[in-house]
Amino acid sequence: MGHSQADKARSRERILNEAATQIRDKGLDALSIGGLMQQVKLTHGGFYGHFASRSDLIAAALEQALIAGEASAHAARDPDKPVSINALVRSYLSRTHRDQPKLGCAIGALISDVGRADAQCRAVMEPHIESFIAKVAETLGDDDDSNAIVAVSAMVGALAISRVLTDPKRSDVILRTVRERIIAMASDE
């Protein structure tokens, strides 16, 4: 790879990392090409050397955000211990996760935005949702993924609702209640 190709690849990676952080923090519609390029210290016109359109950038940034969220969750786990449903749910439905959307699960941060987005964005998120359901099913030890579907839906929904509520105590109640119900459901198995 020549020097200019290496520079171009590094610039693209900087653009994607910054875009992924911005969309996790503020949503898909808040991403401004001009602001993004200014943030990474590149020209607005240079954007089109990396992406064909804003839609292509959004899809690529969404993929980057989803991968980063999964990596963050993986890094927070003890590699010497198997993942338990209890630990997974407690981590996902925590105050820390609620209060740091730009560092946590991109599914939880962007589910509503992607639900209203184009087919390209939905196609990017879909396998990550399926992977999350499969991971929860594996953690539950279920061959049938119906409990995992309920658990993932409840976790993502509770996280989203907890971020909307302005009363921190009520937000904590939402997290705690759903956390306790999922853990109880898993122990009933």
What shape does the range 96-188 take by its C-alpha gyration tensor, where a ≥ b ≥ c are the square roots of the eigenvalues and a/c under 1.5 counts as rounded, a/b above b/c as prolate, and the rest as oblate? oblate
Expressed per residue, the solvent accessible area of the chain in Å² (1.4 Å probe) is about 56
What is the gain in length, in nm to one decimal, between LYS8 and ALA52 on full extension, counting 0.36 nm per residue of separation less the C-alpha to C-alpha distance? 14.4 nm
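Mind giving me the FRET efficiency for SER112 and THR43? R0 is 45 Å, r the Cβ-Cβ distance, nearest 0.05 is fine. All intermediate terms of the calculation are to be shown ahead of the outcome.
Values: r = 33 Å, r/R0 = 0.72.
According to the calculation, E is roughly 0.85.
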When the helices in the chain are scored as -39500 (n - 2.57) per DSSP H run of 4 or longer and the sum is shared across all residues, what 222 nm value do you end up with, to the nearest 500 deg cm²/dmol? -24000 deg cm²/dmol
Could you give the length gained by full extension between GLU138 and ARG163, i.e. 0.36 nm per residue of separation minus their alpha carbon distance, to one decimal place? 6.2 nm
Counting only protein heavy atoms and leaving out ligands, DNA and RNA, the solvent-accessible surface of ILE174 at a 1.4 Å probe, in Å² to the nearest 10, equals 40
When the Debye formula is applied to the Cα atoms of the chain, each taken as the same point scatterer, what base-10 log of I(q)/I(0) results at q = 0.10, 0.16, 0.20 Å⁻¹? -0.46, -1.00, -1.35
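In the calculated pair distance distribution of the range 50-153, what percentage of Cα-Cα distances lie above 23 Å? Before the final figure, lay out each step's value.
Working: 1618 of 5356 pairs.
For the range 50-153, the fraction of Cα-Cα distances above 23 Å is 30 percent.
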If the limit is 27 Å between Cα atoms, which of LYS102/LYS169; LYS8/LYS135; LYS81/LYS169; LYS41/LYS135; LYS102/LYS135 go over it? LYS8/LYS135; LYS81/LYS169; LYS41/LYS135
What part of the accessible area of the chain, given as a whole %, is carbon or sulfur when the probe is 1.4 angstrom? 52
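Which helices, counted as full DSSP H runs in the chain, have an axial Cα extent of no less than 15 Å and a Kyte-Doolittle average of 0.0 or above? Walk me through the numbers before you get to the answer.
Numbers: long enough: 3-26 (34 Å, -1.49); 54-76 (32 Å, 0.56); 119-140 (31 Å, 0.31); 146-164 (27 Å, 1.56); 168-188 (30 Å, -0.24).
Long hydrophobic helices here: 54-76, 119-140, 146-164.
The values are calculated or read from the model by the stated rules, or taken from the named source; none is laboratory data. Quick caveat, the model's predicted, so the values are computed rather than measured. Positions of Cβ are backbone-derived with ideal geometry, glycine not excepted, and every protein chain shown enters the neighbour counts. Calculation scope for accessible area: heavy atoms of the full protein, side chains included, ligands and nucleic acids excluded. Shrake-Rupley method; radii C 1.70, N 1.55, O 1.52, S 1.80 Å.
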